[in-house]
Amino acid sequence: MQMSGINKTLHKWLSLLIGLQLLIWLGTGLYFNLMDSSKASGNGQRVSVVHQRPDVVQDLLPVSAISSAAPMRVGLLWLFERPYYQFIYEQGEHSYQPKREQLFDAYTGEPFSLNRMQALNIARRSYSGDGEFSAAELLEPPFDDYVQQQNPMWRVIVKDEFNTSIYLDGVTGQVLKHVTDDVRLKELMLKLHFMDYGNSGGFNHWLIISVAIATLMLASTGVIWLVQQYRSGLLSINVGSRPRTIAVNLQHGERIQVQVSANDTLLDGLACAQLYLPSICGGGGTCGKCRFNTSQQLSITSADRERISAQDLRAGYRLGCQHLASEVQDIEAVFTPRAPRRR
C-alpha cells in the first residue's frame, strides 16, 4: 500500500479512537456539571472527631528520651485523651504517598499501635447515621475505593442505604475518607474522564499521553490528506455551485442525462440525483467500490492505482469518489438501489 493509502487508513482509525474518547469526555463532563457535589463528597453523615485533652496533663517524656532511629519530623497528637509522639521517618510531598511513621506514648515512651477496637471506636465517632458497623480491618494498598492512597488504612464497612465505608490512617487513626455509592460513581467518572484505567490516581500517565500524541497524529494525517486532495484536484475553493450535465449509461442499456454540481465528486453528485454508486467508506477512497467507466482520458489518482488493476485502469475505470463531476462528460456504471425516504 502506498503512503497515501496508509495515511488515509491511519487517519480513519485515529478518528474512531479519538471520537470514542471525545464521547466519553462529553458524557463525564456532563455528569460533573449535573452531579450533586454534597452527595459526591461522601460527607453527608460525616462528623469531625476531636480527641479532647484532659484538664490535668502530667509532664511529657522528652523526645530525646525515646529510643528510636532519628526521625525527619516529630509531632504531638492526642488519641483517646492521651498524648502520643508521632515520629515520621519518611514522607512524600503528598499525604497519600508512601510514608513511614510510628507513634510513641508521650508519658512512657512505649511504641503504640492502634488496635481494631480503637479504630472501630474512631469510625463510630465520625459517623452520624444509624447504620450497622462491621469490624475494622487493617488493609494494605491498593484500594478500590481510594486509588491514590499508598499507605495502610483501617476500613470499617457500615450497612446503610449509602453502602458507606470509612477509611482511617493505619497508624494515627485519622479519618481520611467516607466512601458512599455517590463517591464511587464520581470516582468511576473521574477514571473515565482522565483515562486512569491503571488506577494511578492522577492524570499524568502513559495512556493519556498516548491519546494526546494520537490526537496530534490525527490532525497531521488530516492536513496531509487535505493537501493530497487539493493536489489531485478533488478540493477547490469555489463560490456557488455550477451545474453540469453528464450522460449516464445504465447497466440495462438505457442512457440518461443527469444534472449534477460540478464542484462535487462524481460519487456525491450522482447521489444527489438519486443515482448511487456502491460505497462503504463514505468517499474516502479506501473501499474501491464506487467504480465507473468512461471513454475520456482521466488522470489516475493514488487511490485509483491502489484499488483498480492496471488492466482496468487502461480500460477507463476510475473511482467516483476520486474525480470531480466537472472532469467527466459521460460514464457507464452499475448503481445500487436505495429505498425512497419517508416524508
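Side notes on the structure shown:
- Among the candidates 259, 311, 297, 274, residue that is assigned to a strand (DSSP E or B) and either under 38 Å from the mean Cα position of the chain (by Cα) or of a type outside the set (A, V, I, L, M, F, W, C) (or both): 259
- Of all residue pairs spaced 6 or more apart or on separate chains, those with beta-carbon atoms under 9 Å, a first member in region 111-134 that is more than 16 Å from residue 171 (Cβ to Cβ) and a second member that is part of a helix (DSSP H, G or I) are 133/120; 133/123; 133/124; 134/120.
- Looking across region 82-104, the residues that are surrounded by 13 or more Cβ atoms within 10 Å (Cβ to Cβ) and without any contact (Cβ under 8 Å) to a residue 40 or more places away in the chain come down to 82, 83, 84, 85, 87, 88, 89, 91, 95, 100, 104.
Residues checked against (1) touching a residue at least 60 places away in the same chain (Cβ under 8 Å); (2) closer than 30 Å to residue 113 by Cα; (3) buried (at least 18 other Cβ atoms within 10 Å of the Cβ):
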residue	(1), (2), (3)
142	no, yes, no
180	yes, yes, yes
186	yes, no, yes
199	no, yes, no
207	no, no, no
230	no, no, no
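- Candidate set from region 105-136 (those that are part of a strand (DSSP E or B) and within 38 Å of the chain's Cα centre (by Cα)); member that is surrounded by the most Cβ atoms within 10 Å (Cβ to Cβ): 127
All of the numbers you see were taken from the coordinates with simple rules; none came from a lab. The structure presented is a predicted model; accordingly, all values stated were derived computationally and were not measured. A quick note on method: Cβ atoms are made from the backbone with ideal geometry, for glycine too, and the neighbour counts reach across all protein chains shown.
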